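Participant: Input: one structure, supplied below.
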Amino acid sequence: MPSPVTIVILAAGLGTRMKSRRAKVLHRAGGKALIEHVVETALKLTSADRIAVVVGHQAEEVRKAVKHPGIRFVEQKEQKGTGHAVMVCRDALGEPAGLDQTGLDQSSSDQAGLDQTGSDQARYLMILYGDSPLLLPDTLQRLIDRQRGTDSNPDAKAAGTLLSAMMDDPTGYGRVIRDASDHVAEIVEQKSANPQQLAIREANMGIYCYRADLFWKYVDQIRPDNPAHEYYLTDMVAILDRAGFYVEAMQIANADEALGINDRVDLAHVDRILRHRKARELMIGGVTIERPETVSIDGDVRIGMDSVVEPFARILGRTSIGENCRIGAGAIVQDSAIADGVEIEPYTIVNRSTIESGAQVGPFARLRFDNHVAEGAHIGNFVELKKTHMGAGAKANHLTYLGDTTIGAKTNIGAGTITCNYDGFNKHPTVIGAGAFVGSNSSLIAPVEIGDGAIVGAGSVITDPVPADSLAISRPPQVVKPEWARKRRALVRK
Ligand code: UD1
Ligand code: CA
C-alpha cells in the first residue's frame with residue numbers, strides 16, 4: 001500500500017494584480033476556471049486520498065466552480081499569505097498541533113501516528129496553488145515518487161521536495177537558493193531578494209510534497225517578518241533546514257508547465273498554451289487542424305478521426321464531434337453533439353444542439369439551442385433554428401426562421417419561410433409533416449399544422465391547418481394589364 005497523500009490547493013486570494021472584482025481562480029483559461037484545472041489534475045493522482053481547497057475571496061463562487069464530489073473546502077477568512085492558508089487547514093484535516101512557543105512538541109506521537117524515520121508509513125502533504133493550471137498529473141506523481149524515494153533511506157532527513165525550473169525571466173517568482181550539498185537552503189521572494197539573489201534563474205514553481213508529520217510540526221514557526229507582512233509558505237524550507245532536515249528541488253525541464261497566473265497577460269499566455277496542448281492532442285489522435293494556432297478548442301471537447309477543423313473555429317464546452325466531419329472557418333460550436341460526416345460550413349453558430357450523421361449546416365447558419373437535425377438534413381445560409389427538429393433529409397436552404405417547429409423527413413422549406421411562433425405573449429408550435437413543400441416567403445402563423453405531402457404556395461400566410469397532400473395558397477390573384485408599361489413610358493417622356 002503506498003503511503004497516502006493529502007493535497008491542499010490554495011485558492012483564497014483575490015489576485016490584486018488581475019485588477020478584477022472576481023477572485024483570480026475563477027478566471028478562465030482553456031475554457032475552464034483556473035481552479036477547475038488544478039482540482040482535475042489533483043483528482044487524477046491515484047495516490048491522493050484527500051483533497052482540500054482553501055477558499056476565501058468569493059468562497060461560495062469558488063466552491064460552485066469545483067463541481068467534483070469528495071473535495072473538502074477550508075475557509076481562510078483573512079488572506080494572510082500562502083503559509084497561513086495551509087495553517088488554517090490543520091483542524092479540518094485532523095492534523096496534530098505542532099511545537100509550542102517553547103519548542104516542545106504538543107502532539108503526542110500516538111496521535112500523530114507518524115514514523116519519524118520517514119519509512120513508507122509516512123504520509124505526505126502536497127501543496128498546489130490554484131493559479132497554476134498547466135500542471136500535469138505525471139509531474140506531480142514524479143514529485144511524490146521522488147520524495148518517497150529519498151524517504152526510503154532511513155537515515156535521510158529529507159523533509160520535502162519542491163518543484164523548480166530554470167526560467168529565462170523569473171521575475172515575480174521566489175528564487176531557489178541552494179546550499180553546498182545542493183539542497184534548497186531557502187526560497188527568497190522577489191520582494192525580499194537582493195540583487196545577487198534576483199540574478200538566480202532557478203524559480204520556485206509553488207508545488208511541494210512535504211512529509212506531513214514534519215510539516216505540521218514546524219509550520220507554526222512561519223512569521224510574517226517580510227516587507228509584505230505575510231506568512232510565506234516558502235519560509236518552510238529555511239525552517240526545516242534549521243531544524244536539521246533538508247528540502248530538495250526537483251527541476252522540471254519546461255517551466256511552462258508550472259506557470260502561475262498573476263495578471264491578464266499571464267492569463268492570455270496560459271490560455272494559449274492550453275489551446276495548443278488540446279489541438280496537439282487532437283492532431284495526434286487523427287484530427288486535421290488547419291492553422292492550429294488560430295483555433296480555440298476547450299479541454300473536454302472530443303473529435304473523431306479524419307475530421308477537419310478549419311482556421312479560427314471555436315469548439316467549446318461539452319461538445320463531441322464524430323469522425324469525418326468538417327468544422328468550417330470561423331464556426332462556433334458549443335455544448336453540442338455532432339455525429340459522423342457532418343459538415344458545418346464557415347461562420348455557422350451551433351449551440352446546445354444535436355446534428356446527426358451526414359447533415360450539412362451553414363454557411364452563416366445559427367442553431368440557437370435545443371435543435372435536432374436528423375441524418376442528411378440541410379440547413380443553408382442565413383437560416384436560424386430554435387427548438388426545432390429537422391427530419392432526415394429535410395432541407396431549409398436559405399434565409400429562414402424555424403422556431404418551436406417539428407419538420408418531417410424530406411420536407412423542403414423554401415427561401416424566406418418564417419414560422420411566426422410568437423404572438424407577443426406566448427410561443428406556439430408549428431408541425432410540418434414528411435415530404436411536404438413550403439413555398440418561398442411563406443409565413444406560418446403558429447400554432448399551425450401542415451400535413452404529410454402537402455404543398456404551400458409561395459408567398460402564403462398560413463393560419464389554418466393544411467391537410468395532408470393538399471395545396472394551400474393564400475395570395476391575391478395576379479393582375480396583368482397588357483401594354484400598360486409601354487403606354488406609361490410614352491406618357492412620361494412627352
Ligand atoms: C508564490 C510563491 C513563489 C512562487 C510562486 C509560483 C509564496 C510566498 N510565494 O508567489 O515563491 O514562485 O507562487 O507561482 O508562496 N493564496 C491563498 N491565501 C493567501 C495568499 C495566497 O489561498 O493568503 C493563494 C492564491 O489564491 C494563489 C496562491 O495562493 O492561488 C499563490 O498566491 P500568489 O499571491 O499568487 O503567490 P505568488 O506571489 O505568485
Ligand atoms: Ca501566483
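Participant: Per the helix-only calculation at 222 nm, which mean residue ellipticity applies to the chain, given -39500 (n - 2.57) for every DSSP H run of n ≥ 4 and division by its residues, nearest 500 deg cm²/dmol?
Facilitator: Details: 10 runs with 91 residues, N = 494.
Helix contribution divided over all residues of the chain: -5000 deg cm²/dmol.
Participant: What does the charge dipole of the range 343-446 about its Cα centre add up to, to the nearest 20 debye, if the Cβ of each Lys and Arg holds +1 and the Cβ of each Asp and Glu holds -1? Kindly include the intermediate steps, with their values, before the conclusion.
Facilitator: Working: 8 positive and 8 negative charges, 29 e Å.
So the dipole magnitude of the range 343-446 works out to roughly 140 debye.
Participant: Working from Cα positions, state the angle (0 to 90°, nearest 10) between the long axis of helix 34-43 and the longest principal axis of the chain.
Facilitator: Rounded to the nearest ten degrees, it is 70.
Participant: Relative contact order of the range 234-392, please, whole-number percent, based on alpha carbon pairs below 8 angstrom and at least 6 residues apart. Display every interim value, and only then the final one.
Facilitator: Working: 391 pairs, mean separation 17.2, N = 159.
Relative CO of the range 234-392 lands at 11 percent.
Participant: Mind checking the angle between helix 264-284 and the chain's longest principal axis? C-alpha axes, 0 to 90 degrees, to the nearest 10.
Facilitator: The answer is roughly 70 degrees.
Participant: From the square roots a ≥ b ≥ c of the eigenvalues of the alpha-carbon gyration tensor of the range 170-264, which class results: rounded (a/c under 1.5), prolate (a/b over b/c), or oblate? Before the final figure, lay out each step's value.
Facilitator: Numbers: a/c = 1.44, a/b = 1.27, b/c = 1.14.
Cα axes put the range 170-264 in the rounded bin.
Participant: Contact order normalised by length for the chain, with contacts defined as Cα pairs under 8 Å and 6 or more residues apart; what percent is it? If you can, show how the numbers build up before the last one.
Facilitator: On the way: 1271 pairs, mean separation 40.4, N = 494.
RCO, the chain: 8 percent.
Participant: With just the Cα atoms of the range 316-414, tell me how far they stretch along each of the three principal axes, in Å, largest first.
Facilitator: So the three principal-axis extents are 29, 20, 20 Å.
Participant: Please list, in chain and number order, the residues 5+ apart from Val373 or on another chain whose amide H is under 5 Å from its amide H, with Hs placed from the backbone.
Facilitator: Sorted by chain and number, the residues that satisfy this are Thr354, Ile355, Glu356, Met390.
Participant: Given H placed 1.01 Å from N in the peptide plane, which residues other than close sequence neighbours of Leu128 have an amide H under 5 Å from its amide H?
Facilitator: Hits under the 5 Å cutoff: Val8, Ile9, Leu10.
Participant: For Val265, put the label point 7 Å out on the Cα→Cβ axis and report which residues of the range 165-179 keep their amide N under 18 Å from it.
Facilitator: 167-174
Participant: Rg and Dmax in Å for the range 358-494, alpha carbons only: what are they?
Facilitator: Looking at the range 358-494, its Cα Rg and Dmax stand at 17.9, 63 Å.
Participant: In whole Hz, what ³J(HN,Hα) sequence does the range 137-148 give by Karplus (6.51, -1.76, 1.60; θ = phi - 60°), x for Gly and Pro?
Facilitator: x, 4, 5, 5, 5, 5, 5, 5, 4, 4, 5, 4
Participant: Which Cα, out of Val492, Asn412, Ile432, lies furthest along the positive dipole direction of the range 391-494 (beta carbon charges, K/R +1, D/E -1)?
Facilitator: Of Val492, Asn412, Ile432, it is Val492.
Participant: Next up: Of the beta bridges DSSP finds with both residues in the chain, what % are antiparallel, to the nearest 5?
Facilitator: On the way: 20 of 107 bridges.
In the chain, DSSP labels about 20 percent of beta bridges as antiparallel.
Participant: Further question on the same structure: Which angle from 0 to 90°, rounded to the nearest 10, does the C-alpha axis of helix 484-493 make with the longest principal axis of the chain?
Facilitator: It works out to around 80 degrees.
Participant: Do you know the relative contact order of the range 137-246, to the nearest whole percent, from alpha carbon pairs under 8 angstrom that are 6+ apart? Mind showing how you got there, number by number?
Facilitator: Numbers: 157 pairs, mean separation 32.5, N = 110.
Worked out over the range 137-246, it gives 30 percent.
Participant: Quick one: Cα centre-to-centre distance for the range 421-493 and the range 275-294, in angstrom?
Facilitator: 48
Participant: Compute the Cα gyration tensor for the range 419-484, then decide on rounded, prolate or oblate, letting a ≥ b ≥ c be the square roots of its eigenvalues: rounded whenever a/c is under 1.5, prolate when a/b is larger than b/c in the other cases, and oblate in all that remain.
Facilitator: oblate
Participant: Simple spin-label model, 7 Å along Cα-to-Cβ: Trp484 to Ala156 in nm?
Facilitator: 9.9
Participant: Another question about this same structure. Using the scaling law 2.2 N^0.38 Å as the reference, what is the normalised Cα Rg of the chain? Walk me through the numbers before you get to the answer.
Facilitator: Details: Rg = 32.1 Å, N = 494, 2.2 N^0.38 = 23.2 Å.
That ratio works out to 1.38.
Participant: Still on this structure: So what's the gap between the Cα centers of the range 384-416 and the range 1-52, to the nearest angstrom?
Facilitator: Between the Cα centres of the range 384-416 and the range 1-52 lies a distance of 45 Å.
Participant: Under 19 Å from a point placed 7 Å out from the Cα of His229 along the Cα-to-Cβ direction: which residues of the range 150-192 have their backbone N that close?
Facilitator: Once the point is set 7 Å along Cα→Cβ of His229, 191-192 turn out to lie under 19 Å by backbone N, inside the range 150-192.
Participant: Next question. Mark the label point 7 Å from the Cα of Glu290 along Cα→Cβ and return the residues of the range 334-378 whose backbone N is within less than 13 Å of it.
Facilitator: 344-347
Participant: With θ set to phi - 60° and the Karplus curve 6.51 cos²θ - 1.76 cosθ + 1.60, what are the ³J(HN,Hα) couplings of the range 478-483 in order, to the nearest whole Hz, using x for Gly and Pro?
Facilitator: 6, 10, 10, 10, x, 6
Here, each number is a calculation from the coordinates, and none is a lab measurement. This structure is a prediction, so every number in the text was calculated from the model and none was measured. Heads up, the Cβs are rebuilt from the backbone with ideal geometry, glycines too, and the neighbour counts pull from every protein chain shown.
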